1. Be a star and scan the stretch B:40-61 for residues whose amide nitrogen sits under 16 Å from the point 7 Å along the Cα-to-Cβ vector of A:ALA440.
2. Shielding of A:434-444 by partners, i.e. mean partner chain Cβ atoms within 10 Å per residue?
3. Please give the net charge around B:GLU136, taking every other residue with its beta carbon less than 11 angstrom from that of B:GLU136, where Lys and Arg add +1 and Asp and Glu add -1.
4. If one computes the Cα centroid of the stretch B:1-25 and of the stretch B:182-251, what distance in Å separates the two points?
5. Could you run the Debye sum over the Cα atoms of the stretch A:235-304, one equal point scatterer each and no solvent, and tell me log10 of I(q)/I(0) at q = 0.17, 0.23 Å⁻¹, two decimals?
6. Restricting attention to the alpha-carbon atoms of the stretch A:285-352, what are Rg (one decimal) and Dmax (integer), both in Å?
7. Over the Cα atoms of the stretch A:199-334, what is the Rg over Rh ratio if Rh follows Kirkwood?
8. Does a label point 7 Å from the Cα of B:GLU75, set along Cα-to-beta-carbon, have any residues of the stretch A:449-492 with amide nitrogen under 18 Å, and which are they?
Amino acid sequence: MSPLRETVETVERASGEYRYGFVTEIDEDRAPTGLNEEIVRFISAKKDEPDWLLEWRLKAFRMWLGLEDREPRWANVHFPKIDFQDACYYAAPKQEGDGPASLDEVDPELLRTYEKLGIPLREQEVLAGVAGAGNVAVDAVFDSVSVATTFQDKLAEMGVIFCPISEAVRDHPELVRKYLGSVVPQGDNFYAALNSAVFSDGSFVYVPKGVHCPMELSTYFRINARGTGQFERTLIIADEGSRVSYLEGCTAPQRDENQLHAAVVELVALKDAEIKYSTVQNWYPGDADGKGGIYNFVTKRGACRGADSKISWTQVETGSAITWKYPSVLLQGDRSIGEFYSVAISNLRQQADTGTKMIHLGRDTRSTIISKGISAGRGQQTYRGLVRVQPKADGARNFTQCDSLLIGDTCGGHTVPYIDVRHPGAEVAHEATTSRISDAQLFYCRQRGLDPEEAVSLIVNGFCREVLQQLPMEFAVEAQKLLGISLEGAVG
Amino acid sequence: MSEPLLRIRNLRASVDGQEVLKGIDLAVAAGEVAAIMGPNGSGKSTLSNVLAGRDGYEVTDGEVRYDGRDLLDMEPEERAAAGVFMAFQYPVEIPGVVNATFTRTALNAQRQARGESPIDAIDFLKRARETLGRLEMDEAFLRRDVNAGFSGGEKKRNEIFQMAMLEPRLAILDETDSGLDIDALRIVAMGVNAMRDGRRALVVITHYQRLLEYVVPDSVHVLADGRIARSGDRELALELERAGYAAFQPA
C-alpha cells in the first residue's frame, strides 16, 4: 500500500490541486432536507439515544430557534446568508442491521477511501509494522457516523476509553451526562446551539486517574455526501494526574457548493491533568474564484478545572473557504496553564478569522498564545484573540505573539487582540509583527537552487517553526508538506 | 584556445530605465581568478546581479555565454544548478530556517536538477562539519537560523561556507571583503583559495585591493562608468591602490 500511496500522492501533488477532492461512491442513509424538531428526533432515533439526550437536543434546538438570525456577525468574513433549511443534517453510509463489529465488516469502499487519505485504520498493518502506518489509534468519522475506531482493546487494558461519542452515550452514560455541555453550554452561541441539536458523531475520550495514554489518539473527519453538513461533537476528559495527546484531521471532496461544518469540541482537564489537542485542518478550500469549499464554524473550548492542569491547543489550518474558530481555555484551577499555537493559511479566496480566548480565573495561571497567519492570493486572514484576567486571578500572566506574513499584494492580514484585565497585578504582554516574503529572500533562495515554490515553502515553514514544533512528530512532517501544497501558485 | 567558461560580450543593462552597464566585454577561463575593481557606482553590483539573474535588471543588449549555454536565458535556479554561485554583498536573513536545513535543501535542489540522487542527512552533516572545521567556524553555525542575528562577518563567512558546500563552477563574490576584520578576511580568503583547483572560475568583485593580497588574481579589470576601462594583471590592482580611481572617474 505504501509505495502505491506515494505514487498517487506524487501524481496529485504534481498536478498542484487539492489532493483529497475525490468522492466515494457509496449508498447513503440520509435525513430529509431541512431542520425542525422532527429532524432532531430523527437523528436521536437513528442513534437509539436515551430520552435524556433527546431532551437535551430539543432544548438546544429551541435555544437555536431563539438565536435565529443571530449568527455572529463580528467576524471579518463575508459570505451569502446560509439557508439552514436547505441542508441535510444527517447522512451515513448505508449498512445492513447493526453497525460493524470489526474492521472486516466495514464497507471495503470506505476502507479504500481512508487508505487513499493515508489514514491507518487497519491496525493489523500497524501491528505488522507496515511502513508509514505509525503508532496511532484512529477514530474515523465519515459524514455523520463513526465507521471504525482502532486500538480500542489495547487502550481499554489501561482503562482509556476512546470511542465514537454515540457509543459512549450507550456504554458510559454517566460520564457523558456529567460532562457534555459543561464547557460549551447548548446556548453558548448560534453554531454551538445548532451543533447541540443535531450533532451526529465525533470522538469520546476518557483517561482515568494517573494514566498517561500510551499512544496518540486521532480522529479523522471526512465529509463525503453532497448537500450535507457535518456536526461532530468531541468530548475529552482527562482525570486527575492523567495525560493525553489527541489529533484531528479533516478533508472533504471538491464540490462547487459550500458545505457547513459546525463542530463543538469540549476538553476537561482535572487536577494535574494534561491535554494536548492538535488539529491539521485541510477541508476543501474552494477554487481560485471562491467557488465551493467548506464553511468551518467551530467552537472549541477547554476547561482547566483542576489545580496544576494544562491544556494546549495546536492548530494548522490550511483548508476551508471560511474559518471561524477560537479554541479557548478557561483557566479555573490554580497554577493551570493554557496554550494556543496556531498556523493559519488563507490562499485563493479563503477567509479565516481565528484565534483564541484565554480566561484567567484561578491564581498564578499562565497562558501563551503564538499565532502565525499567512495570507496569499486573495486570502484574508484575521487573528482575533481575547485575554481576560478576572479579579481573583492573582499572579496571572499571559504572553501573546501574533505574526502575519503576506505573500503578494492582493491579500490581507489583520490582528484584533482584546485585552480585558480586571486585576491590577496581571502581567499581559502582546507582540505583533507583519512581514512580507521579500523579493530579496526569494532571490537568495533561487540563487541557491530552489525554485520559487520550494523557496516559499521553506520560508513559510521557517516562519511557522515555533508552532510546527508543537505537533507530534509524524504529523509535523505532514503539516510541513501541507503548507507547501496550500501555497502552490502563490508566487507568479 | 578553448572557449572560456564565461564570456560576456557587449553587455548592456538598465536599472529603472537608467543604463548602468554600457557594453561590457569580459572572458574568464576555467581555473582563472578574475578581479573586478571599480569606484562606487561603476556597475560592479549590477554586473553580479545580472549574471545571477536577479529581477529588476533589464538586459538591453549583448550576450553572456556560460559553459556553452546562453546564461541570460536561464532562470536563477537553473543557473545555480549549472554551477553559478553568487556570494551576496548583503546576505538575506531567513528566520526559522536553520542553516543546515537551508544548505541541504539547496544542495539537494541542485542535485535533483542535475539528475543526481539527494544527499542524506548523515552524509550532509559529515561534509558540513569537515567544511566548517576547515573554515575555522563553529558547528553551532548549522543550528542557527540563516543569517538571522549574524554579525556582518558571520554573514560573509556563511556565504563562503555555502559556496564550499555547493561546489560551484563559477563563483561570483560581490564585495565579500567589505566590512570584514582581518581574521574574517583571512578565513574568507582561505575558503576562496580552496576553490582554486584549475577547473573552477572565480569573479571577485571588490572596491579595495586588500582581499587580493590573500587571493592573488590572474587578471584584474577596472570597471568604470559601465565599461571595462582597463585590464591587466596583479600590478594593476597595486597601481589602483596607490593612485586611486581618480583616473577612471568621469570628468
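1. Answer for the stretch B:40-61: B:45-46, B:49, B:54-56.
2. Working: counts 0, 1, 0, 1, 2, 4, 6, 6, 3, 10, 13.
What the average comes to for A:434-444 is 4.
3. Numbers: positive: B:ARG134, B:ARG157, B:ARG186; negative: B:ASP138, B:ASP183.
That works out to +1.
4. Spelled out, the Cα-based centre of one part sits 18 Å from the other.
5. Normalising to I(0) and taking log10 leaves -0.68, -0.94.
6. Both quantities, over Cα of the stretch A:285-352: 15.4, 49 Å.
7. 1.04
8. Only A:449-460, A:484-492 pass the distance filter.
The numbers here are math on the coordinates, done by the rules we state, and not lab data. Predicted model, so just to flag it, every value in this text is computed and none were measured. Note that we place each Cβ from the backbone using ideal geometry, even for glycine, and neighbour counts take in every protein chain shown.
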